[in-house]
Amino acid sequence: MHRLARSSSRYSNHPLGLLRSLVVISDWVSFADKLSSSTTHWSYKTQSINSIKNTSVIFIPVDFARVIQNGKSYILLYGAGIYWTTFSVISPHSITTDHRFLTGLLIPENNWLDNHFNTEPFIFPPGNDFIVSDHLLEFPFTSLGEQNTIAGQRRRAFGRGILLAQLVFPYKEPLQMLRKATEGYIEFDSPDSPMRVLVSEFDDEKRVNQIALEKPNPNYEMAIPGIQSINAELLDFFPDKWSNEVYIQGLRREVSRIAKDFAFIGAPLILK
């Protein structure tokens, strides 16, 4: 696994703390597991699921690494995020929501790039870097910062409008959950919280649509609709890195920093 130097990373130091962008995957099941999503029988706490209304991911990356496995390239984003799902159970019939907090996303590079370049025909102001594709949205925090010029103020107003329509209105509930979690200590700051990487596909599709944990934790391993499995298998992915305690501690520090930047800088800009 090759971690890119911060100077060459898209997610680099910035006047808004470490905040660079916010990534949304609007339909995680379709994005991650196209072959089996329509045939999977989901359940929740021994109850059968009638239908899944929503499976979304909101993620604030602090940095990324490129991973090569069997000649195939993957992108590993790490930072702070949430997987959020809304579904209905058969008996008693009711709408239920559940979520899992995340510290990483592992995605095939071609899937990541396809969703960045295959965007809807929006015409964005230069420098705003909005991405809107079928499953993936990316919003730059720079578009929300204070502007001193008329052109900058127009870009900010435009960015705010896009943000409200595409992010705040449809994802207000998980955004508020993520804000509350990042304001606290347990989920992204505590040494007792494992690194949690949401994997769309890895190792020639031997691992598809799962959350891989750094270490066992019953609180995180409970099944959730839309995710095929949650297991303490992160060491199996990159044993040379994830078994290195110094490396893990460094990741935890950066995850903690981006979480606090989102809580006290990013979330107020988005949810004000």
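The values are calculated or read from the model by the stated rules, or taken from the named source; none is laboratory data. As the structure is a computational prediction, the values presented were derived from the model and not from experiment. Note that each Cβ is placed from the backbone with ideal geometry, even for glycine, and that neighbours are counted across all protein chains shown.
Rundown of residues vs (1) at pLDDT 90 or above; (2) within 25 Å of Thr97 (Cα to Cα), yes/no style:
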residue	(1), (2)
Phe139	no, yes
Gly152	no, no
Leu163	no, yes
Val168	yes, yes
Pro174	yes, yes
Tyr185	no, yes
Asp189	no, yes
Tyr220	no, yes
Gly226	yes, yes
Looking at segment 188-219, which of its residues are crowded, with 21+ Cβ neighbours inside 10 Å and assigned to a helix (DSSP H, G or I)?
-> Phe188
Output for segment 237-272, where each listed residue is farther than 30 Å from Leu164 by Cβ, exposed (fewer than 13 other Cβ atoms within 10 Å of the Cβ) and charged (D, E, K, R) = Asp240, Glu245, Arg253
Name the pairs: first residue in segment 15-26 and more than 12 Å from Ile131 (Cα to Cα), second residue assigned to a strand (DSSP E or B) and modelled with pLDDT under 90, Cβ to Cβ under 8 Å, at least 6 apart or on different chains?
-> Arg20/His14; Arg20/Pro140; Ser26/Leu136; Ser26/Leu137
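Pick from Ser36, Ser30, Ser48: which is modelled with pLDDT under 90 and either of a type in the set (Val, Ile, Thr) or assigned to a strand (DSSP E or B) (or both)?
On the way: Ser36 fails: either of a type in the set (Val, Ile, Thr) or assigned to a strand (DSSP E or B) (or both); Ser30 fails: either of a type in the set (Val, Ile, Thr) or assigned to a strand (DSSP E or B) (or both).
Going through Ser36, Ser30, Ser48 in turn, just one is modelled with pLDDT under 90 and either of a type in the set (Val, Ile, Thr) or assigned to a strand (DSSP E or B) (or both): Ser48.
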Long-range neighbours under 7 Å by Cβ, at least six apart or interchain, first residue touching a residue at least 12 places away in the same chain (Cβ under 8 Å) within segment 206-220, second part of a loop (DSSP other than H, G, I, E, B) and among the charged types (D, E, K, R) = Val208/Asp33; Asn209/Asp33; Ala212/Glu233
